[in-house]
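Written out below as structure tokens is the structure these notes cover.
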Amino acid sequence: ETDAVELIYTKFVSLIASSPSVRTLVPFSASEISQKGDEVFQLTSSGGDFGVERKELDAAEPQEFPNDMIFEQDPLQIVNSILPLYLNGQILRTLQESVASELAARMQSMQSASDNAGALSKKLSQEYNRARQAAVTQEILEIVAGATALE
């Protein structure tokens, strides 16, 4: 017997940030179907650059059903068929957010690695050029010193 089922996952905030999050799956409450802070992300591109548009959703207001509403099937049967779909959707959503967070973190770390490699390459190039220039200068000084010694 279980009192509660909570799903802990990495929530995708943006391409450079993510946060740990907890979503309660059971006990199920009709007001928790759409929670405040739920978001819809859309991948966009403009000028050859990718971007993400984020739209935050407000919590859904509970709906009242009229007392004279007639269900074609037993309400318990309806709930028993919809609840697994809801739980699958919530689990799929958290998995997608976790994957998006992981890929964003990988992309950020690869960008940092590329930037660091570029800076290291530039620094090594400068050191090599200084050493080469020092060797050329030393050879010129030796030639000049040899020429003055002959005079």
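Only the coordinates and a few stated rules stand behind these numbers; no lab work does. Owing to the predicted nature of the structure, the values given are computational and were not obtained by experimental measurement. Backbone-built Cβ (ideal geometry, glycine too); neighbour counts: all protein chains shown.
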Chymotrypsin sites (Phe, Trp or Tyr not before Pro) restricted to DSSP loop in the range 44-151 with at most 11 other C-beta within 10 Å: 71
Debye log10 I(q)/I(0) at q = 0.08, 0.10 Å⁻¹ for the chain, Cα point scatterers: -0.50, -0.63
Reachable aspartates and glutamates, given that their alpha-carbon falls under 16 Å from the alpha-carbon of residue 123 and they are not under 8 places away in the same chain: 115
The chain: most fluctuating residue of 108, 63, 90 per GNM, C-alpha cutoff 10 Å: 63
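Under the 0.36 nm per residue contour assumption, what length would be gained going from the current alpha-carbon distance of residue 136 and residue 95 to full extension? Please list the in-between numbers first.
Numbers: separation 41, 0.36 × 41 = 14.76 nm, distance 6.08 nm.
This chain segment gains 8.7 nm when fully extended.
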Nearest-ten-degree value, helix 75-150 long axis tilted from longest Cα axis of the chain: 0
MRE, 222 nm, helices only [DSSP H, n ≥ 4, -39500 (n - 2.57), over the chain, to nearest 500]: -19000 deg cm²/dmol
Long-range HN-HN contacts of residue 52 with modeled amide H, under 5 Å: 44
Alpha-carbon centroids, the range 12-26 and the range 109-151: separation in whole Å: 50
Mean Cβ count within 10 Å, highest first, over the residues of peptides 130-143, 13-26: 13-26, 130-143
Residues whose placed amide H lies under 5 Å from that of residue 18, excluding near-sequence neighbours: 13
Estimated FRET transfer efficiency when R0 is 30 angstrom, pair residue 114-residue 46 (beta carbons, to 0.05): 0.85
Aspartates and glutamates whose Cα lies under 14 Å from that of residue 11, excluding same-chain neighbours fewer than 8 positions away: 38, 39, 56, 97, 102
